[in-house]
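The values are calculated or read from the model by the stated rules, or taken from the named source; none is laboratory data. Computed from a prediction, not measured in an experiment: that's the story for all the values here. Here the Cβ positions follow ideal geometry from the backbone for every residue, glycine too, while neighbour counts run over all protein chains shown. For the accessible areas, the whole protein counts, side chains as well, though only heavy atoms, and no ligand, DNA or RNA atoms are used. Shrake-Rupley method; radii C 1.70, N 1.55, O 1.52, S 1.80 Å.
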Amino acid sequence: MMPALFTGATGMSAQQDQMDTISNNLSNVNTNGYKQTRNNFHDLLYNNEIVPGSSTTANTISPTGIHKGHGVKLASTQKLFTVGNLTHTGLDLDVSINGNGFFQVLRPNGTIAYSRDGAWQRDAGGRIVTADGYPIVPEIILPPDTTKTIITQDGIVQVLIGDDPTPVTVGNIQLTKFINPAGLNPIGQNLYLETNASGQPAILQPGQNGVGFLGQGFLEKSNVNLVDEMVNMIVAQRAYEANSKSIQTSDNMLQTAVNLVR
């Protein structure tokens, strides 16, 4: 059986993986804080019929050898943590991170998750929470008679109560930074979990040690570039067709060889 049949099949499978990733990027183009996913591919093992440097005669060696590849595989998917476009909303509880860093969120099971989504809301207890009701960490509670919330660039949360024009500090927003943010585990709901690959989080004040400042009244949108994704989709489609063509051509060659004995 011709190895090209199986090699072409690996190429088709790889381009299907590419299309799956592109589709997910496009579907999240309007998701707050979404980070583009990129596929990284590896070539498969080679059949080294002649190793470079092998003797060809008593006084000569092969300069390149002979290698026959066996296709491609998906090696990893990587989140690209570039900052997305900032959209002005003017809402007090919409907060963006202008640079590196993640918000901390307390999940119902007691674990801490990390997010770039700053579309916060206020629950019945006055806590600042995510759209799913998860409180931010450290917990910040707004008084019942709060008329305005003020969030400074360095994370200080102040409120105006009733007709009193004097701001009252009610909390402080902290950010986390990871050595390898691409190693975080995405779990949906705009949340990530710490892993051994990401390293442990460093808890910092906004604007310190490489984390970004906060922007009240702004939301960070997806960093997906529609034009790039459309081009990637065209390239993946054509590559898929080319690999299917290689399978069809290999099949035709096998048919020709079989017909020789008729």
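Of the residues that make up the stretch 38-49, is at least one within 27 Å of Gly188 (Cβ to Cβ), at pLDDT 95 or above, assigned to a loop (DSSP other than H, G, I, E, B) and not acidic (Asp, Glu)?
Checked against the condition, which is being within 27 Å of Gly188 (Cβ to Cβ), at pLDDT 95 or above, assigned to a loop (DSSP other than H, G, I, E, B) and not acidic (Asp, Glu), the stretch 38-49 yields no hits at all.
Which count do you get for residues in the stretch 144-163 that are open to solvent by less than 30 Å² (accessible area, probe 1.4 Å) and farther than 11 Å from Val95 by Cβ?
2
Taking the stretch 172-194 only, how many residues are modelled with pLDDT of 95 or more, of a type outside the set (A, V, I, L, M, F, W, C) and part of a strand (DSSP E or B)?
Going through the stretch 172-194 one residue at a time, the tally reaches 6.
Are any of the residues in the stretch 239-250 in contact with a helix residue (DSSP H, G or I) (Cβ under 9 Å, 6 or more places away or on another chain) and within 27 Å of Leu93 (Cβ to Cβ)?
No, there is no match, as no residue in the stretch 239-250 is in contact with a helix residue (DSSP H, G or I) (Cβ under 9 Å, 6 or more places away or on another chain) and within 27 Å of Leu93 (Cβ to Cβ).
Conditions: (1) open to solvent by less than 80 Å² (accessible area, probe 1.4 Å); (2) over 33 Å from the mean Cα position of the chain (by Cα); (3) among the aliphatic types (A, V, I, L, M). Met253 meets all but one. Number of the miss?
Checking Met253 against (1) open to solvent by less than 80 Å² (accessible area, probe 1.4 Å); (2) over 33 Å from the mean Cα position of the chain (by Cα); (3) among the aliphatic types (A, V, I, L, M), the one that fails is (1).
With respect to Ala197, determine if the residue is free of Cβ contacts under 8 Å to residues at least 40 places away in the same chain, of a type in the set (A, V, I, L, M, F, W, C) and either assigned to a strand (DSSP E or B) or out of contact with any Leu (no Cβ under 7 Å at 6 or more places or on another chain) (or both).
yes
Give just the number: which of (1) open to solvent by less than 60 Å² (accessible area, probe 1.4 Å); (2) modelled with pLDDT under 95; (3) under 23 Å from the mean Cα position of the chain (by Cα); (4) not small (Gly, Ala, Ser) does Asn30 not satisfy?
Only one criterion in (1) open to solvent by less than 60 Å² (accessible area, probe 1.4 Å); (2) modelled with pLDDT under 95; (3) under 23 Å from the mean Cα position of the chain (by Cα); (4) not small (Gly, Ala, Ser) is unmet by Asn30, namely (1).
Name the single residue that is nearest to the chain's Cα centre (by Cα) among those in the stretch 68-87 being surrounded by 13 or more Cβ atoms within 10 Å (Cβ to Cβ) and more than 30 Å from Gly212 (Cβ to Cβ).
Among them, the one singled out is Leu74.
In this structure, is Ser244 assigned to a helix (DSSP H, G or I), at pLDDT below 95 and closer than 22 Å to Leu74 by Cβ?
Here the answer is yes, as Ser244 does meet what is asked.
Within the bounds of the stretch 174-184, is there any residue that is within 25 Å of Gly125 (Cα to Cα) and surrounded by 13 or more Cβ atoms within 10 Å (Cβ to Cβ)?
yes
Residue under question is Pro201, and the condition is that it be under 24 Å from the mean Cα position of the chain (by Cα), surrounded by 14 or more Cβ atoms within 10 Å (Cβ to Cβ) and either of a type in the set (S, T, N, Q) or over 29 Å from Gln15 (Cβ atoms) (or both); does it hold?
yes
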